[in-house]
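What follows is a set of notes on a single structure, which appears directly below.
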Amino acid sequence: MTSEKIENRLIVALDFDTAEKAVDLVEKLDGLVSFFKVGMELQLAEGMQPVNYLISKGKNVFLDLKYFDVPQTVERAVRRAASLGVSFLTIHGNRKNVEAAVRGRGSADLKLLAVTVLTSLDAYDIRDLGFPCSVEELVLQRAKAAAEEGCDGVVASGQEAKKIREAVGQKLLIVTPGIRPEGFPKQDQKRAVTPREAILAGADYLVVGRPITSNPDPWQAAELVLDEMRQGYEAAPRSN
Ligand code: C5P
């Protein structure tokens, strides 16, 4: 079905404003989910404490701070993140930024994920930024550049995942947020897909926030997501 355990491919987003709420959820999911995403809100509220806590508990950490700065600053920030024991780190996916991040990562066991085009940007925004192409062309161009520069993966919506997989084959990990299990409201996610659809589109890891974090029984909600992921692998088994 897949060489990696399906449970290891689910990343729960700790989009909270206190460490207390984050720790409560991590404890409730102990034994089922072992990969968690820490973003700007929690990091600004609590500094590095949540990251250090997760690592001390043997969990995998996806640090989602989307670094984008002059090359030297990016290189040094990535070097620092790598030294903390974080597993995944996001950076913006323009070529120079990726090059600097790859230098900063060095030989550390840290996977760099490029954000190609933020999913909140549409055709108008892309033109406003001065790009003379479609969102899809920019996504694919950046995904290819990220692979060429030694990046490990990309963050991509379920709808982009299939085209990226076709364009770069197995060269990049695809990490997909914007997941909504069958019947769950889409909320502010415009291009949401179900866990099954994301796996069928070629995603390797799914990032899920509110469908799990807002459920009074997060364990059961996570099991539901894992069941739907399993259905995706059963419908289209893969070797990796
Ligand atoms: O609650 P929900 O499942 O929508 O959370 C998705 C998580 O993935 C959030 O932490 C959000 O910031 C992040 N994300 C996203 N879309 C992107 C990149 C990151 O929803 N394109």
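Just so it is clear, none of the values below were taken in a lab; they were calculated from the coordinates. In this text, all values refer to a predicted model and were calculated from it rather than measured experimentally. When we count neighbours, we look across all protein chains shown, and the Cβ atoms used for this are built from the backbone with ideal geometry, even at glycine.
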Requested in this report: Just rank PHE16, PHE88, PHE131, fewest to most, by other beta-carbon atoms within 10 angstrom.
Outcome: PHE131, PHE16, PHE88
Requested in this report: Once you have a ≥ b ≥ c as the square roots of the Cα gyration tensor eigenvalues for segment 56-179, tell me rounded if a/c is under 1.5, and otherwise prolate or oblate according to whether a/b is larger than b/c.
Outcome: prolate
Requested in this report: Of the DSSP beta bridges with both residues in segment 3-235, give the percent that are antiparallel, rounding to the nearest 5.
Outcome: 0
Query raised in the report: Taking the mean number of other Cβ atoms within 10 Å as a proxy for protection, how do you rank 153-159, 109-115 from highest to lowest?
Result: 153-159, 109-115
Query raised in the report: In the calculated pair distance distribution of the chain, what percentage of Cα-Cα distances lie above 30 Å?
Result: 22
Query raised in the report: Pulled fully out, how much extra length does the chain show between TYR124 and ASP188, if you take 0.36 nm times their separation in residues and subtract their Cα-Cα distance?
Result: 21.2 nm
Report task. Filter the DSSP H helices in the chain by two things, a Kyte-Doolittle mean of at least 0.0 and an axial alpha-carbon span of 18 angstrom or more, and list the hits by number. Result -> 135-148
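If I stretch the segment between ASP17 and ASN52 completely, what's the gain in nm (0.36 nm per residue apart, minus their alpha carbon distance), one decimal?
Extra length from ASP17 to ASN52 when fully extended: 11.0 nm.
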Query - aspartates and glutamates with Cα under 20 Å of LYS186, excluding same-chain neighbours fewer than 8 positions away - result: ASP15, ASP122, GLU160, GLU197, ASP217, GLU223, ASP227, GLU228
Query raised in the report: What is the gain in length, in nm to one decimal, between THR73 and GLU27 on full extension, counting 0.36 nm per residue of separation less the C-alpha to C-alpha distance?
Result: 13.1 nm
Query raised in the report: How big is D, in µm² s⁻¹, for segment 68-112 by Stokes-Einstein at 20 °C and 1.002 mPa s if Rh is the Kirkwood radius over C-alpha pairs?
Result: 215
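For the pair LYS96 and CYS133, what calculated FRET efficiency results from E = 1/(1 + (r/R0)^6), where r is the Cβ-Cβ distance and R0 = 22 Å, to the nearest 0.05?
Details: r = 19 Å, r/R0 = 0.84.
Computed FRET efficiency for CYS133 and LYS96 comes out at 0.75.
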Query raised in the report: At what distance in nm do the modelled label points of ALA235 and LYS163 sit from each other, each positioned 7 Å from its Cα along Cα→Cβ?
Result: 2.1
